[in-house]
Amino acid sequence: MAKIILGLSGSLRQGSFNAVFLRAAAERTPPGARIGIGTIRDVPLYDADLEAAEGLPRPPSAFRRSLARRTGSCW
């Protein structure tokens with residue numbers, strides 16, 4: 001079974017060095033592993049008060065569902 005690693009860059013800038021390094025790492029992943037590159041573009045800052053009042057916002061909920069489909073589990 002392949003190991004899947006989710007990579008997220010903390011920068012949204014097109015020329016981000018972190019994003020460049022992440023893409024380079026994904027290209028050089030050893031056999032038996034894979035790096036999937038995600039984005040934080042639509043994920044809002046965490047607000048526990050908002051989550052308690054309205055539930056988890058749509059972008060993080062979709063992100064969790066995507067992880068669950070790919071890994072078979074989610075926190």
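Charges at C-beta only: +1 for Lys and Arg, -1 for Asp and Glu. How large is the resulting dipole of the chain about its Cα centre, in Debye rounded to 20?
Dipole size: approximately 520 debye.
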>> What's the longest uninterrupted piece of the chain once you rule out the trypsin sites (Lys or Arg not before Pro) that are loop residues per DSSP with at most 13 other Cβ within 10 Å?
In response: 42-75
> Stretch residue 69-residue 41 to full length: gain in nm at 0.36 nm per residue minus the Cα-Cα span?
Replying inline: 8.0 nm
> Which chymotrypsin sites (Phe, Trp or Tyr not before Pro) from segment 1-60 combine a DSSP loop assignment with at most 13 other Cβ atoms within 10 Å?
Replying inline: 46
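Laboratory data are not the source of any read-out in this text; all were calculated from the coordinates shown. Small disclaimer: the values here were computed from a predicted structure and weren't measured. Using ideal geometry, Cβ is built from the backbone for each residue, glycine included, and neighbour counts are taken over all protein chains shown.
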